[in-house]
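S.K.: I have a structure here, written as structure tokens, and I will follow up with some questions on it.
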Amino acid sequence: MAYSCRDLIRSGSVAGLETGGLGMYRNLLEADPTFLLPALAVGSTYLNFELMGHSKIKAFDWLKTKIQYIPLLSFPFICQLPQGVFFYWLASSWFSLAQSRLLKVPALRATLGLKEIPSAAATLSKTLQDAVTKAPK
């Protein structure tokens with residue numbers, strides 16, 4: 001998605017990107033000389049991966065730990081993207097972060113009619129119960 005935004009920004013078909021930015025980021029067609037926007041984008045993406053819940057499937061946990069380092073390793077390449085990409089990236093990443101945090105609030109889940117998230121202890125006790133009931137006698 002970031003590269004699609006980059007190509008759209010570079011095409012020049014969107015008017016106002018040269019002067020439509022915020023604060024010190026006026027020209028959204030240029031790369032960020034301060035590296036602040038790329039650092040925030042990489043940090044928020046890493047944080048989203050870090051705060052992602054653990055899975056019962058070990059392969060998924062292994063994959064998550066490998067994937068979460070990709071934004072950090074790609075930082076030198078990401079720094080070359082236009083500033084406009086980062087405004088989209090940051091808004092999307094922060095919305096995702098807020099959504100994942102809010103959907104873990106039990107009162108909000110109840111209001112929305114969502115099931116409770118089973119705790120690790122409940123999952124462990126259910127697994128132990130299954131092991132005991134299925135054990136040969």
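The values are calculated or read from the model by the stated rules, or taken from the named source; none is laboratory data. Since the model is a prediction, treat every value here as computed from it, not as a measurement. Neighbour counts are summed over all protein chains in view; Cβ atoms, including those assigned to glycine, are modelled from backbone coordinates with ideal geometry.
S.K.: Conditions: (1) at pLDDT 90 or above; (2) over 24 Å from residue 100 (Cα atoms). Residue 29 meets all but one. Number of the miss?
M.R.: (1)
S.K.: Can you tell me which residue within the range 102-135, out of those that are surrounded by fewer than 10 Cβ atoms within 10 Å (Cβ to Cβ) and basic (Lys, Arg), is modelled with the lowest pLDDT?
M.R.: 134
S.K.: Can you pull out the residues in the range 57-80 that are modelled with pLDDT of 90 or more, of a type in the set (A, V, I, L, M, F, W, C) and surrounded by 11 or more Cβ atoms within 10 Å (Cβ to Cβ)?
M.R.: 75, 78, 79
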